[in-house]
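Structure record follows, encoded as structure tokens.
The values are calculated or read from the model by the stated rules, or taken from the named source; none is laboratory data. Here the structure is a predicted model, which means the values were calculated and not measured. Neighbour counts run over all protein chains shown; Cβ positions are idealised from the backbone, glycine included.
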Amino acid sequence: MRGEAAPQPALATSTLMLGEEQLTPAAVRLIIKCTAWRAAAEHLVMLTGPELDTAIATLSTHSLRVGLTQDLFASGEDAGPIAQALRWTFTATALRYERKLAPASHANALMLQRVRG
């Protein structure tokens, strides 16, 4: 085994299908935006008017990836496993999104972790 590279774990991938066809990135963006509009219509969002329009206009599939990264950091996960799980090319990329978190979110996430036991 000397000189051979260690086997690398397989990365999980997913393809979203609707019937026989793959969903396009544009279709996924539209689903995200429609879901956000529905949440606003059901008063699950605290934004209205131009603020709501701007927030929904900027939503993307990348928004979900960044949000999940931030949630994982806020719940106390480490950068390495987060970067690997979300397929960030560099750990530093994931850390860049962690730095954008408000300090209070760490405290809230940690408190919730303790409560959930």
(request) Could you give me the residue pairs with C-beta distances under 9 Å whose first residue belongs to the range 38-57 and is closer than 19 Å to Val28 by Cα, whose second residue is surrounded by 12 or more Cβ atoms within 10 Å (Cβ to Cβ) and among the hydroxyl-bearing types (Ser, Thr, Tyr) wherever it lies, and which are 6+ apart or on separate chains? (result) none
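Here's the yes/no breakdown for (1) at pLDDT below 85; (2) surrounded by 11 or more Cβ atoms within 10 Å (Cβ to Cβ); (3) touching a Gly at 6+ places or on another chain (Cβ under 6 Å); (4) assigned to a loop (DSSP other than H, G, I, E, B):
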{"position": "Ala12", "(1), (2), (3), (4)": "yes, no, no, yes"}
{"position": "Arg29", "(1), (2), (3), (4)": "no, yes, no, no"}
{"position": "Thr35", "(1), (2), (3), (4)": "no, yes, no, no"}
{"position": "Arg38", "(1), (2), (3), (4)": "no, yes, no, no"}
{"position": "Leu44", "(1), (2), (3), (4)": "no, no, no, yes"}
{"position": "Leu52", "(1), (2), (3), (4)": "no, yes, no, no"}
{"position": "Val66", "(1), (2), (3), (4)": "no, yes, no, no"}
(message) Can you go through Ala109, Ala104, Ala94 and tell me which one is at pLDDT 85 or above and on the phi < 0 side of the Ramachandran plot?
(response) Ala94
(request) Taking Thr48 as the residue in question, decide whether it is polar (S, T, N, Q), modelled with pLDDT of 85 or more and closer than 28 Å to Ala85 by Cβ. (result) no
